[in-house]
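Some notes on the structure that comes next.
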Amino acid sequence: MTLFVYLLSSGLTSGALYALVAVGLVLCYRTTGHINFAHSELFMLGGFIAFTFHVLWGLPYIPSLLLAVIAGFLLGVLTDRAVYRPLIKAPPLTMVLATVGFSFLLKGIGRYFWGGQGEVVPFPPLASPAPVLIGTIPVFPQQIAVLSGALFCMALLTLFFRYTRAGKTMQATAEDVRASFLVGIRVERVYTLTWGTGAALAAVAAVLMAPLTLLTPDVGFILLLKAFAATILGGLGSMPGAVVGGFLVGIMEAFAGGYIASSFQDVSAFAIIMLVLVFRPTGLFGVKGGREA
């Protein structure tokens, strides 16, 4: 029973981070119709930027996180201006290749400034690394901090979409681009805001995850796979699906590593993608049909 609860808490912690990254992916897909394959490198750079502010320059954790989020937003805007905007009318495959190429460029920048392939950069935890016993179950304070931070960001994002004008215009554009344009919404500005918001979410996830996993220039790739598995499981284009899918992927990953073998932990994401595509291609919350363009 103790092992079950420990694995569940670990899965929820990882799942919260996967959900944050998956929401960023779905946000870009719903609004623009494209998957941002450079999302993983925006995550990586967000973590390293926070490392620079917090460790190298000595700023407190919270200001470093906020500065990393702002930097992530600006990197997302740069992605829109440098990659998406010039190719806005290009075929989908061209956009895929462009974002993949941009991801390699960002990875090269990360290796140039913060270390080569295989080098890891330690990021000090926000809370004490010593586990705390809740009953007979050891729980790491950093896990509680990560889960709380991720849930807070999701709640904040929900309020943003429900009560702000910018959030409502993003939802309207996601539903129907032509209709949004006809009623006077500046669709190109919405695209820029969307890419920036998605990158900011990736930066938040990076700063929360860095104390648990350490930082490397290649840290984003495996996370992208798991977040993509979450979007497929929840339903590509569904925000609630991305959140639920993220938590489910984290929990299944933890149980696969704990009860089967640790080597199955990373393989589980691929298994989830294959099984969902075979038995329910639309995912748990997805619907048939596509985005109106």
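Any idea which of (1) over 19 Å from residue 218 (Cα atoms); (2) out of contact with any strand residue (DSSP E or B) (no Cβ under 6 Å at 6 or more places or on another chain) is the one residue 5 doesn't satisfy?
Of everything listed in (1) over 19 Å from residue 218 (Cα atoms); (2) out of contact with any strand residue (DSSP E or B) (no Cβ under 6 Å at 6 or more places or on another chain), residue 5 misses just condition (2).
Against the definition (under 16 Å from the mean Cα position of the chain (by Cα) and either of a type outside the set (D, E, K, R) or under 30 Å from residue 84 (Cα atoms) (or both)), how does residue 258 come out, yes or no? If you could, list the steps in order and put the result at the bottom.
Values: under 16 Å from the mean Cα position of the chain (by Cα): no; either of a type outside the set (D, E, K, R) or under 30 Å from residue 84 (Cα atoms) (or both): yes.
Spelling it out, it is not the case that residue 258 is under 16 Å from the mean Cα position of the chain (by Cα) and either of a type outside the set (D, E, K, R) or under 30 Å from residue 84 (Cα atoms) (or both).
Can you name the residue in the stretch 179-189 that is of a type outside the set (A, V, I, L, M) and closer than 18 Å to residue 29 by Cβ and, of all such residues, is nearest to the chain's Cα centre (by Cα)?
Across the stretch 179-189, the extreme among qualifying residues is 188.
Which pairs turn up if I take residues in the stretch 32-44 that are in contact (Cβ under 8 Å) with a residue 24 or more places away in the chain and look for partners that are of a type in the set (A, V, I, L, M) and not in a helix (DSSP H, G or I) with beta carbon separation below 8 Å, at least 6 apart in sequence or on another chain?
33/293; 44/215
Somewhere in the stretch 215-225, is a residue at pLDDT 90 or above, crowded, with 24+ Cβ neighbours inside 10 Å and touching a helix residue (DSSP H, G or I) at 6+ places or on another chain (Cβ under 9 Å)? So that I can check it myself, show each step before the final result.
Taking the stretch 215-225 and keeping what is at pLDDT 90 or above, we get none.
No, there is no match, as no residue in the stretch 215-225 is at pLDDT 90 or above, crowded, with 24+ Cβ neighbours inside 10 Å and touching a helix residue (DSSP H, G or I) at 6+ places or on another chain (Cβ under 9 Å).
Under the condition of being among the small types (Gly, Ala, Ser) and touching a residue at least 40 places away in the same chain (Cβ under 8 Å), which residue from the stretch 128-178 is nearest to residue 250 (Cα to Cα)? Reasoning before the result, please.
If we filter the stretch 128-178 for residues that are among the small types (Gly, Ala, Ser), which is where we start, we get 128, 130, 135, 145, 148-150, 155, 166-167, 172, 174.
From what is left, the residues that are touching a residue at least 40 places away in the same chain (Cβ under 8 Å) are 145, 149-150, 174.
Values: 145: 17, 149: 16, 150: 13, 174: 27 Å.
My answer is 150.
What do you reckon, is residue 67 assigned to a helix (DSSP H, G or I), farther than 30 Å from residue 141 by Cβ and free of Cβ contacts under 8 Å to residues at least 60 places away in the same chain?
Values: assigned to a helix (DSSP H, G or I): yes; farther than 30 Å from residue 141 by Cβ: no; free of Cβ contacts under 8 Å to residues at least 60 places away in the same chain: yes.
For residue 67, the condition - assigned to a helix (DSSP H, G or I), farther than 30 Å from residue 141 by Cβ and free of Cβ contacts under 8 Å to residues at least 60 places away in the same chain - is not met.
Is there any pair linking a residue in the stretch 268-293 that is part of a loop (DSSP other than H, G, I, E, B) and aliphatic (A, V, I, L, M) to one that is modelled with pLDDT under 80 and surrounded by 10 or more Cβ atoms within 10 Å (Cβ to Cβ), with Cβ under 9 Å and at least six apart or on different chains, and which?
Listed pairs, sorted by first residue: 287/237.
Just checking, does the stretch 114-121 include any residue being in a helix (DSSP H, G or I) and of a type outside the set (Asp, Glu)? I'd like the intermediate steps shown before the answer.
Applying the first criterion (in a helix (DSSP H, G or I)) to the stretch 114-121 yields 114.
Subsequent filtering for residues that are of a type outside the set (Asp, Glu) retains 114.
Yes, the stretch 114-121 has at least one match.
Just wondering, is there one or more residues in the stretch 70-88 that are among the aliphatic types (A, V, I, L, M), within 27 Å of residue 211 (Cβ to Cβ) and outside any helix (DSSP H, G or I)?
No, the conditions are met nowhere in the stretch 70-88.
How about the stretch 73-96: which of its residues are more than 19 Å from residue 43 (Cα to Cα) and aliphatic (A, V, I, L, M)?
The answer is 87, 88, 90, 93, 95.
Looking only at the stretch 30-53, count how many residues are closer than 26 Å to residue 187 by Cα, assigned to a helix (DSSP H, G or I) and either over 13 Å from the mean Cα position of the chain (by Cα) or of a type in the set (Asp, Glu) (or both).
Taking the stretch 30-53 and keeping what is closer than 26 Å to residue 187 by Cα, we get 30-43.
Adding the requirement that they be assigned to a helix (DSSP H, G or I) leaves 30-32, 39-43.
From what is left, the residues that are either over 13 Å from the mean Cα position of the chain (by Cα) or of a type in the set (Asp, Glu) (or both) are 30-32, 41.
Matching residues across the stretch 30-53 total 4.
The values are calculated or read from the model by the stated rules, or taken from the named source; none is laboratory data. As the structure is a computational prediction, the values presented were derived from the model and not from experiment. As a convention, Cβ positions derive from the backbone with ideal geometry for all residues, glycine included, and neighbour counts pool all protein chains shown.
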